[in-house]
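Enquirer: This structure is in structure tokens; I'll ask about it shortly.
The values are calculated or read from the model by the stated rules, or taken from the named source; none is laboratory data. Predicted, not measured: the structure shown is a model, and the values here were computed from it. Glycine gets a Cβ as well: all are built from the backbone with ideal geometry, and neighbour counts include every protein chain shown. Quick note on the areas: whole protein, heavy atoms, side chains included, nothing else; ligands and nucleic acids left out. Shrake-Rupley method; radii C 1.70, N 1.55, O 1.52, S 1.80 Å.
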Amino acid sequence: MPVDMKAVIAEALKKMMLQKSIDKITVKALIDERHISRQTFYYHFQDIMDVMEWSIKKETQRLVEQSLKMEDMRSALRIFIAFTVEHFFILQRLMDSQRHAEFQRFMVESLENYLSQLLRYNDRALSIDYEDSRLLLRYSACGLAGVLLASGGNPDLDPDQLALRLERILSSEISEWAKT
């Protein structure tokens, strides 16, 4: 079976981020870590942020697929909460980096994509125009990202209670918009 070099490089970056800030990680350090050539790296990625964006998209795709198999929104949200708690150290490192704006954009776009797919999957069409639905999704994704990042490092976090509250908020936002 052929090696997924993109996944190998992304895993090396994740491992390195446990040791130091993404701002301190260079392409050279990454290729040295994986014992690959510079040419191999640049064949697959443009730079470190390209690796990060690819990783976030892949992880989001996996989380979305997993969450869409859940019976309800609360169970789906638990998946995102568990991921945030499990990877909080790396997420915090990204938020503390010079590239936090790019990371925030990746995260919000990923959550917006998830919420959009959740609506389609549950066959909930909004009776609002396209621009309003995009705004609702962006607004909800920004709020969800903020809550996940603010809650992920809380040692007293009750994931079930957070999922329940988020489900109530997201469901009522969508229901209110659908009425108009």
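Enquirer: Return a yes/no flag: does segment 63-74 have any residue that is assigned to a helix (DSSP H, G or I), touching a residue at least 40 places away in the same chain (Cβ under 8 Å) and not hydrophobic (A, V, I, L, M, F, W, C).
Expert: Checked segment 63-74: at least one residue is assigned to a helix (DSSP H, G or I), touching a residue at least 40 places away in the same chain (Cβ under 8 Å) and not hydrophobic (A, V, I, L, M, F, W, C).
Enquirer: Follow-up question, since we're still on this one. What do you reckon, is ARG138 at pLDDT 90 or above and not small (Gly, Ala, Ser)?
Expert: yes
Enquirer: Mind listing whichever residues of segment 27-79 are within 22 Å of LEU94 (Cα to Cα), at pLDDT below 95, open to solvent by 40 Å² or more (accessible area, probe 1.4 Å) and not charged (D, E, K, R)?
Expert: The answer is TRP54, GLN61.
Enquirer: Let me ask something else. Report whether or not GLN19 is over 25 Å from LEU162 (Cβ atoms), of a type in the set (S, T, N, Q), open to solvent by 30 Å² or more (accessible area, probe 1.4 Å) and out of contact with any Phe, Trp or Tyr (no Cβ under 9 Å at 6 or more places or on another chain).
Expert: So GLN19 passes the test.
Enquirer: Open to solvent by 30 Å² or more (accessible area, probe 1.4 Å) and modelled with pLDDT of 85 or more - does that describe any residue in segment 110-117?
Expert: Taking every residue of segment 110-117 in turn, none turns out to be open to solvent by 30 Å² or more (accessible area, probe 1.4 Å) and modelled with pLDDT of 85 or more.
Enquirer: Against the conditions (1) loosely packed, with under 13 Cβ neighbours inside 10 Å; (2) at pLDDT below 90, where does ASP158 fall short? Just the number, please.
Expert: Only one criterion in (1) loosely packed, with under 13 Cβ neighbours inside 10 Å; (2) at pLDDT below 90 is unmet by ASP158, namely (2).
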